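Structure first, commentary second.
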């Protein structure tokens with residue numbers, strides 16, 4: 001983890017936009033309906049839990065939901081039913097995760113934040129998997145605090161398992177376990193930083209990363225990424241048994 005003591009961001013007013021990535025169809029999950037629309041034990045959907053966490057966070061100024069084009073009407077209905085005040089956009093998703101993030105960046109490409117009459121605030125974009133409905137208010141508060149000092153922030157938990165690096169089903173190396181962490185979301189950025197990383201990636205024709213930090217790390221390695229401690233409860237629903 002890297003701490004930048006002399007941060008240029010410390011005294012700024014910051015406008016935080018949370019993007020909930022719900023554009024997938026749940027191919028690994030199975031079933032006719034995307035997993036983010038399925039209910040948890042309390043009857044509320046995975047998507048509702050994820051959005052509501054950011055709705056309740058004092059740090060978040062605005063929310064956008066990225067949804068598969070076939071399910072946008074359902075997403076709009078969910079937002080209206082919950083009467084969320086912060087949800088301002090519902091954005092069509094792409095065929096891959098990075099495309100959904102890119103669509104969100106395009107939606108805010110000319111964004112000039114204004115909050116209660118003030119203009120000129122810095123803008124931060126948070127990207128969160130809708131399939132992580134149990135993100136805590138502690139994590140969100142810690143990410144917001146970290147963004148006061150850093151241009152890129154991610155969430156991760158230490159690996160409790162030994163990790164093998166492999167090739168063709170054979171062990172090639174074993175990184176020390178204390179150096180390995182498992183990535184979670186949200187992943188948050190100063191908007192110009194992540195926009196530039198995506199611009200470089202698309203320009204070079206190589207957007208091959210499983211998350212947004214991966215794109216930043218590959219195409220803007222000069223930007224340090226600060227890691228906020230995650231939580232095992234902030235797990236991702238991937239397979240049907242995860243429900």
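For this structure, a couple of remarks:
- The numbered conditions (1) surrounded by fewer than 16 Cβ atoms within 10 Å (Cβ to Cβ); (2) within 17 Å of the chain's Cα centre (by Cα); (3) in a helix (DSSP H, G or I) are all true for residue 202 except (2).
For (1) free of Cβ contacts under 8 Å to residues at least 40 places away in the same chain; (2) in a helix (DSSP H, G or I); (3) within 19 Å of residue 18 (Cβ to Cβ), each residue gets a yes or a no:
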site: 47; (1), (2), (3): no, yes, yes
site: 54; (1), (2), (3): no, yes, yes
site: 72; (1), (2), (3): yes, yes, yes
site: 84; (1), (2), (3): yes, no, yes
site: 95; (1), (2), (3): yes, no, no
site: 106; (1), (2), (3): yes, yes, yes
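Results for (1) surrounded by 15 or more Cβ atoms within 10 Å (Cβ to Cβ); (2) over 19 Å from residue 133 (Cα atoms); (3) modelled with pLDDT of 95 or more, shown as yes or no for each residue.
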| position | (1), (2), (3) |
| --- | --- |
| 57 | yes, no, yes |
| 98 | yes, yes, no |
| 104 | yes, yes, yes |
| 114 | no, yes, no |
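- Put simply, of 143, 163, 153 the only residue that is in contact with a helix residue (DSSP H, G or I) (Cβ under 8 Å, 6 or more places away or on another chain) and closer than 21 Å to residue 100 by Cβ is 153.
- Comparison of 23, 94, 43 shows that the only residue that is modelled with pLDDT under 95, over 23 Å from residue 123 (Cβ atoms) and either in contact with a strand residue (DSSP E or B) (Cβ under 9 Å, 6 or more places away or on another chain) or surrounded by fewer than 22 Cβ atoms within 10 Å (Cβ to Cβ) (or both) is 43.
- Complete set of residues in region 208-226 that are touching a helix residue (DSSP H, G or I) at 6+ places or on another chain (Cβ under 9 Å), outside any helix (DSSP H, G or I) and more than 14 Å from residue 127 (Cβ to Cβ): 208, 220, 223, 226
- Residue 191 vs. criteria in contact (Cβ under 8 Å) with a residue 60 or more places away in the chain and either closer than 25 Å to residue 97 by Cα or surrounded by 16 or more Cβ atoms within 10 Å (Cβ to Cβ) (or both): yes
- Number of residues in region 177-188 that are buried (at least 17 other Cβ atoms within 10 Å of the Cβ) and at pLDDT below 95 equals 0.
- Qualifying residue in region 166-175 (condition: in a helix (DSSP H, G or I) and out of contact with any helix residue (DSSP H, G or I) (no Cβ under 6 Å at 6 or more places or on another chain)): no
The values are calculated or read from the model by the stated rules, or taken from the named source; none is laboratory data. Note that the coordinates shown come from a computational prediction; the quantities given were computed from them, not determined experimentally. Positions of Cβ are generated from backbone atoms using ideal geometry, with glycine treated the same way; all protein chains shown enter the neighbour counts.
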